[in-house]
Amino acid sequence: MRAPYDPIAITAAVTGGDVLPSQSPAVPCGPEAITEAAVAAARAGATAVHLHARELDGRPTGSAAMFKEIVTGVREQCDVVINVTTGGSVDMTPDQRLEGVVAVAPDIATLNLGTMNFEGFPTRSRWPEVRHDWERRVLEQSGTVVFTNTLAMMRRFATTFRELGVTPELEVYDLSHLSMARFLIDEGTLAAPVRVQFVLGVLGGAGSSPHDLFALREAAGRILGPDLAAVSVAGVGYPAELRLAAIAAASGMDVRVGIEDNLRIRRRRQAADSAELVAAAVTIADQLERPIATPAQLRAELAAAHRS
Ligand code: KMH
Ligand code: ZN
């Protein structure tokens, strides 16, 4: 855990694979819009950007070519730390989910630590109006959605990361995922110390109350001990995203904000883009006297962990 006035790493999750483009014009689709959103988030103060790829109609894709185009475009315009998904979207194959990481060898890649129900649209009466047939199909899957992460997939993804020199970011949605992290470290699949991100508020995982956060943080300290390098918090939905970001910033943790996890900046106003959510996180951190970690500072931390 970081000391009270230590720099805080802010990750901007700019597009994701779960929210539907019909829900908000702020969901960037296609390589150009995603690159633009990532650079804008970096300019707003983000230390790192978490990237997924989407076709122009918003369909999530694992396309190596598109990840290459996005990451090249971002690297040409700024030095923000690159964090690439292996979560992709729930209907992708393991090969598709790994394509982006293999194509761009980012600084960081996500490793989701368990199979779980993953319901983004559980209540039919609250389904958004959608423009695209594929979005309609996503809604119709409601009630049957499983996010698969087998032990074999985790071992394969982690081994690929190690071969590419990519730092895993362990996505923890529930207590059991911490025991999985412990197991993967003890068997040598993961090198300690590890970086953990609590993803809170997905229906199927832990809730997004401050009590859920502190219960997981306490468990992470108990189960991982000195093998825990850093903790980041991603609250899914509104007001969870910014409220958990404030609590995390006040408690020595890092934060993730962005359109992937939450579409609103106010109760009754959608965010214009992820940069606006990053700016809100920067304001919170500034008020709490946590300077924003620079990409160079985060990269130095990643390098130090690799050496240890
Ligand atoms: N979409 C988030 C709820 C990943 O990309 O690997 C989880 C996530 C996982 O960001
Ligand atoms: Zn993601």
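The values are calculated or read from the model by the stated rules, or taken from the named source; none is laboratory data. Being a predicted model, the structure only gives us computed values, none of them experimental. All Cβ positions, even for glycine, are placed from backbone atoms using ideal geometry, and neighbour counts span all protein chains on display. SASA here: full protein model, heavy atoms, side chains in, ligands and nucleic acids out. Shrake-Rupley method; radii C 1.70, N 1.55, O 1.52, S 1.80 Å.
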_Span from the region 140-159 Cα centroid across to the region 221-294 one, whole angstrom_ = 25 Å
*asked:* Report the gain in length on full extension from ARG266 to ARG243: 0.36 nm times residue separation, minus Cα-Cα distance, nm rounded to one decimal.
replied: 7.1 nm
*Taking a probe of 1.4 Å, how large is the accessible area per residue of region 1-85, in Å²?*
35 Å²
*When N is the residue count of region 213-308, what does its C-alpha Rg come to as a fraction of 2.2 N^0.38 Å?*
1.17
*What is the magnitude of the charge dipole of the chain about its Cα centre, with +1 placed on the Cβ of each Lys and Arg, -1 on the Cβ of each Asp and Glu, and no other charges, expressed in debye to the nearest 20?*
460 debye
_Let me check I have the definition right: for the chain, take the eigenvalues of the Cα gyration tensor, multiply each by 5, take square roots. What are those semi-axes in whole Å, largest first?_
25, 22, 21
*Can you tell which of GLN270, LEU139, ILE185 lies farthest toward the positive end of the dipole of the chain, using +1 and -1 charges on the Cβ of basic and acidic side chains (Lys, Arg; Asp, Glu)?*
GLN270
*What number, rounded to the nearest 500 deg cm²/dmol, is the helix-based mean residue ellipticity at 222 nm of the chain, given -39500 (n - 2.57) per DSSP H run of at least four residues and division by all its residues?*
-12500 deg cm²/dmol
*For region 156-240, what is the accessible area per residue in Å², given a 1.4 Å probe and the full set of protein chains?*
38 Å²
*Using a 10 angstrom cutoff on alpha carbons, build the Gaussian network for the chain and name the most mobile of ARG155, ARG269, ARG217.*
ARG269
*Want the number for THR283 to VAL90: 0.36 nm per residue separation, take away the alpha-carbon distance, what's left?*
66.1 nm
*Tell me which residues come under 5 Å, amide H to amide H, from ASP174 once H is placed; ignore anything under 5 positions away on its chain.*
ALA206
*Ignoring any ligand, DNA or RNA, what whole percent of the accessible area of the chain comes from carbon and sulfur when the probe is 1.4 angstrom?*
52 percent
*Quote to one decimal, in nm, the extra length available between SER22 and THR144 on full extension: 0.36 nm per residue of separation minus the C-alpha distance between them.*
41.8 nm
*Assuming R0 = 22 Å, what is the FRET efficiency of ALA215 and ALA192, from their Cβ-Cβ distance, to the nearest 0.05?*
0.45
*Count neighbours as other Cβ atoms within 10 Å of each site's Cβ, and list the GluC sites (Glu not before Pro) in region 240-296 that are DSSP loop with at most 16 such neighbours.*
GLU289
